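Colleague: Dropping the structure in here first, questions after.
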Amino acid sequence: MILSSHLSYRVLAAQEAQTLAISNKAKRLKKQGLDIVSLSVGEPDFDTPECAKQAALHAISQNFTHYTESDGIMELREAVANKFINDNDIKSVRQSTILISGGAKQCIYNVLNAICNEGDEVLIFAPYWVSYPAMVALTGATPIIIQASFEQVYKVTPLQLQAHLTINTKCVILNSPSNPTGIMYTEQEIRDLAAVLQDHDCFIISDEIYEKISFGDIKHFSPGAIESIAHRVITVNGVSKAYAMTGWRIGYMNAPEHVFKEASKVQGQSTSHPCSIAQKAALGALIGGDYDVENMRKAFSFRKQLVCDLLSTIPGIRFHIPDGAFYVFIELGSILADTGIEDDALFCSYLLDRFLLALVPGSAFGNPNSIRISFAASEQTLQKGILRLAEGISSLQNQKNV
Ligand SMILES: Cc1ncc(COP(=O)(O)O)c(C=O)c1O
């Protein structure tokens, strides 16, 4: 018998993605016929734009169904390079340093494997996207969490960043707009963080997957546009969220040449390249999808307002209005402590079991005593879901008062 002690200690130590576990359980219960409302998903509920679908169909009819270059097809790398130059003002971009991968997730995984050694530290800002700490730990490096509180609008300050830099800091991961908070850093805030990193020889991974989904006055800004640090910035993006193409699995990144070479090696020796047809679909989206992106953005903006209005009527919770992405991150205040529920994970189990509502606990994102609501759902579903949340909270409070 092979004991678990014989398995990889790095993989054994890694956490399973809690977000996937919850949405899988919700799907299972739905299949059993229960009227589940799931506001746990991290993907747009819109259809993939027609231009992307047509490009994929054309690729199939043209038998574009064999291996491609392992870094991705030339036309797509060219389109991505132009996107980074035109949209993000990243001047150092070359088509030759663009890597196309199976989602932004694989881009980040490739890069972390390309740059990290045991003993290295990678700074992650909490609340964080669930996969960052696990991916860092899988490389043998150590994730170092910098906690940004509700009071500081979930944004890490330059002073906090400075305090966590050590001789072992290999990399800092930035994510704006953020999953799970929807908060965006302003250009000035990013410049202030960059100023701290200016004299510290480390990489910066900028995860910009939600770039196209923003609502307010804050304009998306890429740290790769700051010339003094551009040679150390890896910019990651993809078509999943902007073009409602999560299942196609296409992400892309720009990296300094020496990092690109090693990340390309990791990909070439593991998955070779992403699906040939999906690469053509992504190219179709980048060329012709702007109109669809804007329509989806407007719909998300409307839903954001609806969700925030409904949530603001629930006593005992607080939240910041998101600047982007499609999440609201809710602080539960004293609700759990007052009603004897041990933690936010148990609170989410209670909501799912008793009120058929699936949400993700904040602890999955390194921020306990919170929950994340995804508003990538229809207005009717959102209304129903938030009503159930309100009922779940009030039922707890009533039990307490009996
Ligand atoms: C912050 C963040 N980065 C990266 C990803 C991965 O995106 P992709 O589908 O392109 O792998 C996600 C997906 O949820 C995300 O929320």
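Colleague: Looking for whichever is in a strand (DSSP E or B) and either among the basic types (Lys, Arg) or within 16 Å of the ligand (Cβ to nearest atom) (or both) here; the options are 266, 236, 293. Which one fits?
Modeller: Values: 266 fails: in a strand (DSSP E or B); 293 fails: in a strand (DSSP E or B).
Testing whether each residue is in a strand (DSSP E or B) and either among the basic types (Lys, Arg) or within 16 Å of the ligand (Cβ to nearest atom) (or both) leaves just 236.
Colleague: Quick one: would you say residue 209 is within 13 Å of the chain's Cα centre (by Cα) and either over 23 Å from residue 109 (Cα atoms) or in a helix (DSSP H, G or I) (or both)? Break it down stepwise before answering.
Modeller: On the way: within 13 Å of the chain's Cα centre (by Cα): yes; either over 23 Å from residue 109 (Cα atoms) or in a helix (DSSP H, G or I) (or both): no.
Taking the combined requirement at face value, the residue does not satisfy it.
Colleague: Still on this structure, I have one more. From the list 136, 122, which one is free of Cβ contacts under 8 Å to residues at least 40 places away in the same chain, surrounded by 24 or more Cβ atoms within 10 Å (Cβ to Cβ) and among the β-branched types (Val, Ile, Thr)? It would help to see each step written out before you state the result.
Modeller: Details: 122 fails: free of Cβ contacts under 8 Å to residues at least 40 places away in the same chain.
Exactly one of 136, 122 is free of Cβ contacts under 8 Å to residues at least 40 places away in the same chain, surrounded by 24 or more Cβ atoms within 10 Å (Cβ to Cβ) and among the β-branched types (Val, Ile, Thr), namely 136.
Colleague: Oh, and also: Please indicate, with yes or no, whether at least one residue in the range 352-361 is of a type outside the set (S, T, N, Q) and closer than 16 Å to residue 128 by Cα.
Modeller: Filtering the range 352-361 for residues of a type outside the set (S, T, N, Q) gives 352-361.
Right, trim to closer than 16 Å to residue 128 by Cα and you get 360-361.
Yes, the conditions are met somewhere in the range 352-361.
Colleague: Looking at the range 215-233, can you tell me whether even one residue there is within 14 Å of the ligand (Cβ to nearest atom), assigned by TED's automatic domain parsing to the domain that holds residue 78 and over 23 Å from residue 280 (Cβ atoms)?
Modeller: Filtering the range 215-233 down to residues within 14 Å of the ligand (Cβ to nearest atom) leaves 220.
When the remaining residues are screened for being assigned by TED's automatic domain parsing to the domain that holds residue 78, the result is 220.
Now narrow it down to the ones that are over 23 Å from residue 280 (Cβ atoms): 220.
Taking every residue of the range 215-233 in turn, at least one turns out to be within 14 Å of the ligand (Cβ to nearest atom), assigned by TED's automatic domain parsing to the domain that holds residue 78 and over 23 Å from residue 280 (Cβ atoms).
Colleague: Answer yes or no: is there a residue in the range 243-253 that is hydrophobic (A, V, I, L, M, F, W, C), more than 16 Å from the ligand (Cβ to nearest atom) and surrounded by 15 or more Cβ atoms within 10 Å (Cβ to Cβ). Before the answer, list the steps.
Modeller: The first filter runs over the range 243-253 and keeps only residues hydrophobic (A, V, I, L, M, F, W, C), leaving 244-245, 248, 250, 253.
After this cut, where a residue has to be more than 16 Å from the ligand (Cβ to nearest atom) as well, the list is none.
Looking for residues that are hydrophobic (A, V, I, L, M, F, W, C), more than 16 Å from the ligand (Cβ to nearest atom) and surrounded by 15 or more Cβ atoms within 10 Å (Cβ to Cβ), one finds none in the range 243-253, hence no.
Colleague: Okay, moving on. Conditions first: (1) closer than 23 Å to residue 240 by Cβ; (2) modelled with pLDDT of 95 or more. Residue 66 passes all but one, so which condition is the exception?
Modeller: Every condition holds for residue 66 apart from (1).
Colleague: Additional query: Does residue 370 qualify as being modelled with pLDDT under 95 and among the hydroxyl-bearing types (Ser, Thr, Tyr)?
Modeller: Values: modelled with pLDDT under 95: no; among the hydroxyl-bearing types (Ser, Thr, Tyr): yes.
Here the answer is no, as residue 370 does not meet what is asked.
Colleague: For the range 192-214, name all the residues that are within 16 Å of the ligand (Cβ to nearest atom) and either without any contact (Cβ under 8 Å) to a residue 12 or more places away in the chain or out of contact with any helix residue (DSSP H, G or I) (no Cβ under 9 Å at 6 or more places or on another chain) (or both).
Modeller: So the first thing to find is which residues in the range 192-214 are within 16 Å of the ligand (Cβ to nearest atom), and the list is 204-214.
The one that is within 16 Å of the ligand (Cβ to nearest atom) and either without any contact (Cβ under 8 Å) to a residue 12 or more places away in the chain or out of contact with any helix residue (DSSP H, G or I) (no Cβ under 9 Å at 6 or more places or on another chain) (or both): 210.
A quick yes/no check of all residues on (1) assigned by TED's automatic domain parsing to the domain that holds residue 360; (2) surrounded by fewer than 16 Cβ atoms within 10 Å (Cβ to Cβ); (3) not β-branched (Val, Ile, Thr):
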{"residue": "9", "(1), (2), (3)": "yes, yes, yes"}
{"residue": "19", "(1), (2), (3)": "yes, no, no"}
{"residue": "32", "(1), (2), (3)": "yes, yes, yes"}
{"residue": "37", "(1), (2), (3)": "yes, no, no"}
{"residue": "58", "(1), (2), (3)": "no, yes, yes"}
{"residue": "61", "(1), (2), (3)": "no, yes, yes"}
{"residue": "82", "(1), (2), (3)": "no, yes, yes"}
{"residue": "89", "(1), (2), (3)": "no, yes, yes"}
{"residue": "94", "(1), (2), (3)": "no, yes, yes"}
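Colleague: So, residue 41, is that one crowded, with 16+ Cβ neighbours inside 10 Å, within 15 Å of the ligand (Cβ to nearest atom) and either charged (D, E, K, R) or closer than 18 Å to residue 388 by Cα (or both) or not? Steps first, please.
Modeller: Values: crowded, with 16+ Cβ neighbours inside 10 Å: yes; within 15 Å of the ligand (Cβ to nearest atom): yes; either charged (D, E, K, R) or closer than 18 Å to residue 388 by Cα (or both): yes.
Criteria met by residue 41.
Colleague: Of the numbered conditions (1) within 19 Å of residue 239 (Cα to Cα); (2) within 16 Å of the ligand (Cβ to nearest atom); (3) of a type outside the set (D, E, K, R), residue 132 satisfies every one except a single condition; which is it?
Modeller: Condition (1) is where residue 132 drops out.
Colleague: Further question on the same structure: Do we have any residue at all in the range 82-100 that's of a type in the set (Asp, Glu) and touching a strand residue (DSSP E or B) at 6+ places or on another chain (Cβ under 6 Å)?
Modeller: If we filter the range 82-100 for residues that are of a type in the set (Asp, Glu), which is where we start, we get 87, 89.
Narrowing the set further to residues that are touching a strand residue (DSSP E or B) at 6+ places or on another chain (Cβ under 6 Å) leaves none.
There is no residue in the range 82-100 that is of a type in the set (Asp, Glu) and touching a strand residue (DSSP E or B) at 6+ places or on another chain (Cβ under 6 Å).
Colleague: Can you tell me which of 61, 92, 101, 70 is among the small types (Gly, Ala, Ser) and more than 30 Å from residue 204 (Cβ to Cβ)?
Modeller: Working: 92 fails: more than 30 Å from residue 204 (Cβ to Cβ); 101 fails: more than 30 Å from residue 204 (Cβ to Cβ); 70 fails: more than 30 Å from residue 204 (Cβ to Cβ).
Every option except 61 fails the conditions.
Colleague: How many of the residues making up the range 264-283 are small (Gly, Ala, Ser), on the phi < 0 side of the Ramachandran plot and more than 23 Å from the chain's Cα centre (by Cα)? Before you say what the answer is, go through the steps one by one.
Modeller: Residues of the range 264-283 small (Gly, Ala, Ser): 264, 268, 270, 272, 276, 278, 281-282.
If we keep only those that are on the phi < 0 side of the Ramachandran plot too, we end up with 264, 268, 270, 276, 278, 281-282.
Subsequent filtering for residues that are more than 23 Å from the chain's Cα centre (by Cα) retains 268, 276.
Total satisfying the criteria: 2.
Colleague: For residue 111, state whether it is within 16 Å of the ligand (Cβ to nearest atom), over 28 Å from residue 155 (Cα atoms) and touching a strand residue (DSSP E or B) at 6+ places or on another chain (Cβ under 8 Å). Don't jump to the end; show me each part of the working.
Modeller: Numbers: within 16 Å of the ligand (Cβ to nearest atom): yes; over 28 Å from residue 155 (Cα atoms): no; touching a strand residue (DSSP E or B) at 6+ places or on another chain (Cβ under 8 Å): yes.
Here the answer is no, as residue 111 does not meet what is asked.
Colleague: From 302, 347, which residue is assigned to a helix (DSSP H, G or I) and over 28 Å from residue 24 (Cβ atoms)?
Modeller: Working: 347 fails: over 28 Å from residue 24 (Cβ atoms).
Residue meeting the stated conditions: 302.
Colleague: Report, by residue number, each residue of the range 82-131 that is of a type in the set (Gly, Ala, Ser), farther than 19 Å from residue 245 by Cα and out of contact with any helix residue (DSSP H, G or I) (no Cβ under 9 Å at 6 or more places or on another chain).
Modeller: If the condition is that a residue be of a type in the set (Gly, Ala, Ser), farther than 19 Å from residue 245 by Cα and out of contact with any helix residue (DSSP H, G or I) (no Cβ under 9 Å at 6 or more places or on another chain), then 119 is the only one that fits.
Colleague: Quick one: which of 54, 106 is outside the structural domain of residue 284 (by TED's automatic domain parsing) and not small (Gly, Ala, Ser)? First the steps, then the outcome.
Modeller: Details: 106 fails: outside the structural domain of residue 284 (by TED's automatic domain parsing).
Answer to the selection: 54.
Colleague: How many residues are in a strand (DSSP E or B), of a type in the set (Val, Ile, Thr) and over 14 Å from the mean Cα position of the chain (by Cα) when one looks only at the range 317-336? So that I can check it myself, show each step before the final result.
Modeller: So the first thing to find is which residues in the range 317-336 are in a strand (DSSP E or B), and the list is 318-319, 324, 327-331.
This time we only want the ones that are of a type in the set (Val, Ile, Thr), so: 328, 330.
Filter again for over 14 Å from the mean Cα position of the chain (by Cα), leaving 330.
Matching residues across the range 317-336 total 1.
Colleague: Testing residue 330 on (1) within 16 Å of the ligand (Cβ to nearest atom); (2) free of Cβ contacts under 8 Å to residues at least 60 places away in the same chain, one condition comes back false. Which one is that?
Modeller: Exception for residue 330: condition (1).
The values are calculated or read from the model by the stated rules, or taken from the named source; none is laboratory data. Remember, predicted model here, so these are calculated numbers, not experimental data. Virtual Cβ from ideal backbone geometry, glycine too; neighbours counted across all protein chains shown.
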